[in-house]
Structures are given as structure tokens and as C-alpha cells.
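Take a look at the structure below.
The values are calculated or read from the model by the stated rules, or taken from the named source; none is laboratory data. Just so you know, these numbers come straight off a predicted model, no measurement behind them. Heads up, the Cβs are rebuilt from the backbone with ideal geometry, glycines too, and the neighbour counts pull from every protein chain shown.
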């Protein structure tokens, strides 16, 4: 029977008119309100007709070559998909498709501290995701119920129809509009998940921070994403790291860079001192006669290599601080020191870069 005749509308009816006709007939024929012998079968026909005509794309295909006549376009052919199906096995039932769908992947951005890149670590974060429904355990049905075989397609998930073509009548197959190709319908959806088999939930996710990780790098957590429709396989989570800027240390590759200020006297005499580094105490030995811009390298105190063993180095730039205020006693000693030094008067010399430019060139090889 022609779908338009089932709904009692003309072939040029608008989508709103089709929708109104369906609602009217559905209220009249629904088994819960109509006990007539043929009400149930008529209700199924009305539902199937609306599934086809209520979808503009399916309606267009139906008008091009469905039962009950032809619409505009080239007579004898439906959609291009119908034509290919007809010649390459489209008339064969493909079987119902699974309700289960794989969950979507997710991207999370996590900020970590510079010290986390040395030895790695662990971070627990809260995420909103789709979790398996505890009520139906993913089968989408209310407790005590189960999916029913679709009466329209007989559980095959597809319906056949005849299409008139230049080669004669051709039988094509299309997904069933009543069960959406699943072969079954759910008469009583789960009240918790509304028949989806999953619910929105807030959960904790533990992220392992690899040692040596740097900003912009990602790791993949397989199966840690949202649960799929109807309890389908979970997607993956991709974690992208951002390393927060440190106030004292900077990173260049797997090396750590810092600047230490020393007094003029220590620069002259040299000094051995212990500093608090990111991973504990660090001892440095500043030789006598140190100059601003000198760089001391402490082996193996940098960032852990992401691949392989070992660590980079810590590179410490020296900045000599000249006192701006002196006591009378200090000024007197400096005067005496100057006389002993017999230093040359100021003179023009080769241009030298500033401290930070000099350190930059030494660190980065610019």
C-alpha cells in the first residue's frame, strides 16, 4: 500500500501536514486506546509510513522510485544508492546492525610543574563523561523487559521494495525505518538512561606523567573515554601536557637553565656553595676570577630523557653583583685595594653583549 494513502495525505503534502496526519492516526490506532482487531496492524503501517515520509531524504528516495508511483526526476530510477544496490546485491538482506556503538574519544589538557618532568608523577583529575548505566547494564531496556523483534522487517533490519526501472522491476533493500536497522525495538526503555545504555557521570581519572614529558606532548589512554551507545566499547582519552613556567628555572631540551648571583668578593676569591635545586641540594664550585656570563655545568641534574635512561644537565649562569653602597670602612679598603692593583684607567674595548644575551648564546648556541 502506498505510504501517502496510509497516512491519508496527498503526494505534495508538506512535512508539517504529514506529521499532523501521523499524530492523529497514531492517537486513534494506538493499541493502548484502540482494541479493534485491525488497529495494531494499521498502527504498524502508519508508523512505518511516517518513518519513511517523515524523513526528507527517505521520502525523496521513495518518491523517485517507491511503491505507489513516481515523483519528479528521471522515471524508473530511485537514488543512485538504489541503482548500485540493485546491480550489486542490494536486493539481499544485509542483516540487522548492532545497537552498540564505540564511544567518542576525548582530549584533556593537564598542566604540570617543571619538577614533574624530572621524575614523572601521577595526577588525578575529575572528568564528565558517559558511563555504563547501572540500571540496565547497557541493554537499554527497563528491568524485567527485553528488546522485541521488529514486526515491520521481521528482525532483518531492512525492508525490501520494488523499484521500476528501464530494466524492469528491481527489488532493493533499505534500513527499516521502524527499528532503524537494528532488527529489534525496545518497547520499554530503561527509565534511568532513556534507552541509551549509558548516563552522564563524573568520574576520577588517574594520569601517569612520563618523566621527560614536555609541553604539547600527548599520551593515549586506551579505553578510558566515554562508554559507547548501548554499552558499546569505550573510546580513548588523549592527555596533552602543558608545563607551567618556573620562576627560577627554564628548560632547553633536557637541560635546566638558571642564573645565580654572587658577590663581587666571591667572584674575586672563588666560592663553593650549595643551592636548593628542583630535585634537592646542588653544589657548585665557582672558581676565583669568575665573570658575569660564565656558565657552570652540573652533569646529570637536568630533565630525564623521555626515551632511554639518564638525564640532561643543569647549567647555571653567573651574574656578578657590584655593591652600590659601601660603608666608610669598605670604601677605605677598596681605595687601598685600588692602589695595590695599579689598575689601568678606563678605556674603550671590544663591544661585549649584555649578560642575558651572553647567557642566551651560551645556552642555546645562537
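Some observations on this one:
- Test: residue in segment 263-278 that is assigned to a loop (DSSP other than H, G, I, E, B) and within 17 Å of residue 121 (Cα to Cα): yes
- Among the residues examined, residue 180 qualifies as outside the structural domain of residue 44 (by TED's automatic domain parsing) and without any contact (Cβ under 8 Å) to a residue 12 or more places away in the chain.
- Residue in segment 235-251 that is out of contact with any helix residue (DSSP H, G or I) (no Cβ under 8 Å at 6 or more places or on another chain), closer than 30 Å to residue 131 by Cα and in a loop (DSSP other than H, G, I, E, B) present: yes
- Filter result (in contact with a strand residue (DSSP E or B) (Cβ under 7 Å, 6 or more places away or on another chain) and loosely packed, with under 15 Cβ neighbours inside 10 Å) within segment 126-159: 126, 128, 148, 149
- Inclusion of residue 307 among residues that are surrounded by fewer than 14 Cβ atoms within 10 Å (Cβ to Cβ), under 25 Å from residue 215 (Cβ atoms) and assigned by TED's automatic domain parsing to the domain that holds residue 337 is warranted.
Rundown of residues vs (1) modelled with pLDDT under 75; (2) over 30 Å from residue 239 (Cα atoms); (3) outside any helix (DSSP H, G or I), yes/no style:
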site	(1), (2), (3)
1	yes, yes, yes
4	no, yes, no
43	no, yes, no
50	no, yes, no
74	yes, yes, yes
82	yes, yes, no
107	no, no, yes
111	no, no, yes
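- Among the candidates 228, 270, residue that is more than 30 Å from residue 308 (Cβ to Cβ) and in the same structural domain as residue 334 (by TED's automatic domain parsing): 270
- Condition check for residue 222: farther than 30 Å from residue 313 by Cα and either without any contact (Cβ under 8 Å) to a residue 12 or more places away in the chain or buried (at least 18 other Cβ atoms within 10 Å of the Cβ) (or both): no
- Residue match in segment 188-205 (condition: more than 31 Å from the chain's Cα centre (by Cα) and surrounded by fewer than 17 Cβ atoms within 10 Å (Cβ to Cβ)): yes
- Of all residues in segment 14-40, those that are at negative phi have Cβ atoms under 8 Å from Cβ atoms of residues that are loosely packed, with under 13 Cβ neighbours inside 10 Å and assigned to a helix (DSSP H, G or I), 6 or more apart or on another chain, in 15/56; 33/27.
- The residues in segment 129-158 that are touching a residue at least 12 places away in the same chain (Cβ under 8 Å) and more than 30 Å from residue 224 (Cβ to Cβ) can be counted, and the count is 11.
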